[in-house]
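Just so you know, all these numbers are worked out from the coordinates, no wet-lab data involved. The structure displayed is predicted, hence computed values, not measured ones. Here the Cβ is made from the backbone with ideal geometry for all residues, glycine too, and neighbour counts use every protein chain on show.
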Amino acid sequence: MARIIGGVASTHVPAIGKAIAEKKQNDPYWKPFFQGFDYVHQWLAREKPDVAVVFYNDHGLNFFLDKLPTFAIGAASEYRNEDEGWGIPVSRSLKGYPELSWHLINQLVADEFDITVCQEMLVDHAVTIPMALMWPGETRPVRIVPVSINTVQHPLPSVARCFKLGQSIGRAIDSFAENLRVMIVGTGGLSHQLDGKRAGFINKEFDMLCLDKIANDPLALTRYSIHDIVAEAGAQGVELLNWVAMRGALTGKVSEAHRNYHIPISNTAAATVVLNNQAIERRKVA
Ligand code: DHB
Ligand code: FE
């Protein structure tokens, strides 16, 4: 059976792609951020995931404001990236896992999630940047299932709904018959606002609360409305929804293995978290 080994949450700021291309990892501006991934590399080397289910938000590469699904899931064997205009190198394609995708899709629809199924799907910086951070070399040793959540055009799905989406996916992974080690990824956040009167807004206090709750009390986050999240975390801070879905997918005993918080990277609070998911032993009934 497939087993969920844990989750990683990471920022996806495009400027990171430029810093990687220019080998600036040890520059004073970047070092405290990139250092936060040393532990992630050790964790990945030890845990050796086969697949990553990635919750992220598309920023206009695959979907645009004319047609923007609330929840979309990839069912492709390959996911291409394209030039989004950030001035960062186009990433190489990522391998998909259609069999796992369709298993998740069937379970999601059975659980009454009306998702958009994408047999072709471009993935933007919100997928490629975290992948480059987790695997700094050329290889990406996991296949992916991308799950896109609308954090861009209101009305957005509620925090509670995203948590339930993650829970449904977590249950589906648990029932996938192949012997796989699955990691869950949530990208974006934490507090940031890119435009308008509050451009540059960061809320460290709220970020700390989110970091504390994501591991130990995620239901506390589901009590915030989307408007509360925008007020507390900024217009783009709602990317927290991807983190909440990631946490929802962890079906076992969850503990925080690592966290790094650094401000600012670009205009954002950049946070990295690793959560372990210890499978709960199901008691055998004699
Ligand atoms: C930035 C942050 C984002 O979440 C994003 O998707 C693009 C840019 C930024 O801070 O520059
Ligand atoms: Fe973003």
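General remarks:
- Each Cα pair under 8 Å and six or more residues apart adds its separation to the average, and for the chain the resulting relative contact order is 31 percent.
- Approximate spin-label separation TYR29-THR139, in nm, with each point projected 7 Å along Cα-to-Cβ: 3.3
- Our estimate of slack between TYR39 and MET1, defined as 0.36 nm per intervening residue step minus the Cα-Cα distance, is 10.9 nm.
- Net charge contributed by nearby residues that have their C-beta within less than 13 Å of ALA72 (K/R +1, D/E -1): -3
- Take the Cα of LYS197, step 7 Å toward its Cβ, do the same at TRP86, and the gap between the two points is 2.9 nm.
- Between SER175 and LEU209, the contour length at 0.36 nm per residue exceeds the alpha carbon distance by 9.0 nm.
- The lysines whose alpha-carbon is closer than 28 Å to the alpha-carbon of LYS18, local same-chain residues fewer than 8 away aside, are LYS31, LYS48, LYS95, LYS197, LYS204.
- Prolate/oblate/rounded call for region 3-278, Cα gyration tensor, a/c under 1.5 rounded: rounded
- Cut-off 20 Å (backbone N to label point 7 Å along Cα→Cβ of ILE280), residues of region 164-207: 164-176, 182-184
- Most tightly packed first, judged by the mean number of other beta-carbon atoms within 10 Å of their residues, the peptides 188-201, 218-231 read 188-201, 218-231.
- Residues LEU165, LEU61, sorted so that the one with the fewest Cβ neighbours within 10 Å comes first: LEU61, LEU165
- Net charge of Cβ neighbours under 12 Å - reference GLN236; Lys, Arg +1; Asp, Glu -1: -1
- Formal net charge of residues neighbouring ASN150 (Cβ-Cβ distance under 14 Å; K, R +1; D, E -1): -3
- Counting neighbouring Cβ atoms within 10 Å and putting the fewest first, the residues ASP58, ASP66 line up as ASP66, ASP58.
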